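Working notes for the structure below.
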Amino acid sequence: MAGTIGGIVGFGTSIMLMPALMLVFGPRQAVPIMAVASIMANASRAAAWWREIDWRATLAYSATGVPAAALGAHTLMVLPPGIVEAVLGVFFIAMIPLRRWMASKQWRLGLAHMAVVGAAVGFLTGIVASTGPLNTPFFLMHGLVKGAFLGTEALSSLALFVSKVVTFRELGALPVEVISQGVIVGSSLVAGAFIAKRYVKQIDADRFRLLMDGLLLVAGAVMLWAAAG
């Protein structure tokens, strides 16, 4: 279910799975398990929309995002996570009117902007379990919707999660047992990307953007709730 919903909107998989993973494995182990599973989830979304990926945007975003994700993974060990989640929650909600205002002014993010976004989101990806909603307004403002949005965002996020997993491995936080658990979780997410594809094709671009706004609101509320808890 999480894989299918994430395949339709481009994010939400981690938000849905993390409570269950934390309950079963504990918070320290849940984050690297979700990182491994996210690699498989994003790889499947990228494969599903391979023909529509914007490669220039992916390269611009990943060039700065990959080293930033590694830096964020190192920072995870010393930074209180509740603070990060609270800031992200407020940001997700604030981006709804900001994205609409920028769209009314016909503003569009260029490749240089995407590189800056990659650095910021990459660092946060190394710290928290899910930053998928954070990517949404920026990739939309680059002019990507539906399959192009899902494929480009997935491939860009894939690069960040690979960097995060490699860093966890170097820090000794990713033993073979955790990798195998992540692969088991991730294998259930792969089919969701292809199940979701036929539903995405039926949504027009305006409704897709409206759906993204609604999910940003939900994601922001969830982050604030998690920070308060």
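Here residue 91 meets the list (1) under 15 Å from the mean Cα position of the chain (by Cα); (2) modelled with pLDDT under 90; (3) under 16 Å from residue 165 (Cβ atoms) almost entirely, failing just condition (3).
Exactly one residue out of 165, 128 is in contact with an Asp or Glu (Cβ under 9 Å, 6 or more places away or on another chain), buried (at least 18 other Cβ atoms within 10 Å of the Cβ) and under 13 Å from residue 71 (Cα atoms): that is 128.
Residues are listed down the side, and each one gets a yes or a no for (1) assigned to a helix (DSSP H, G or I); (2) of a type in the set (Ser, Thr, Tyr); (3) farther than 21 Å from residue 114 by Cα:
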| site | (1), (2), (3) |
| --- | --- |
| 149 | yes, no, no |
| 153 | yes, no, no |
| 166 | yes, no, yes |
| 173 | no, no, yes |
| 214 | yes, no, yes |
| 217 | yes, no, yes |
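Scanning segment 180-201 turns up no residue that is more than 23 Å from residue 54 (Cα to Cα), touching a helix residue (DSSP H, G or I) at 6+ places or on another chain (Cβ under 7 Å), of a type in the set (Val, Ile, Thr) and not in a helix (DSSP H, G or I).
Taking segment 1-81 and the helices (runs of 4 or more DSSP H) fully enclosed by it, the elements with 2 or more residues that are among the basic types (Lys, Arg) are at 27-48. Just one of (1) at pLDDT 90 or above; (2) β-branched (Val, Ile, Thr); (3) under 21 Å from residue 170 (Cα atoms) fails for residue 116. It is (3).
The values are calculated or read from the model by the stated rules, or taken from the named source; none is laboratory data. Predicted model only: the values in this text are computed from it and were never measured. Counting neighbours? That spans all protein chains shown, and the Cβs are built from the backbone with ideal geometry, glycine included.
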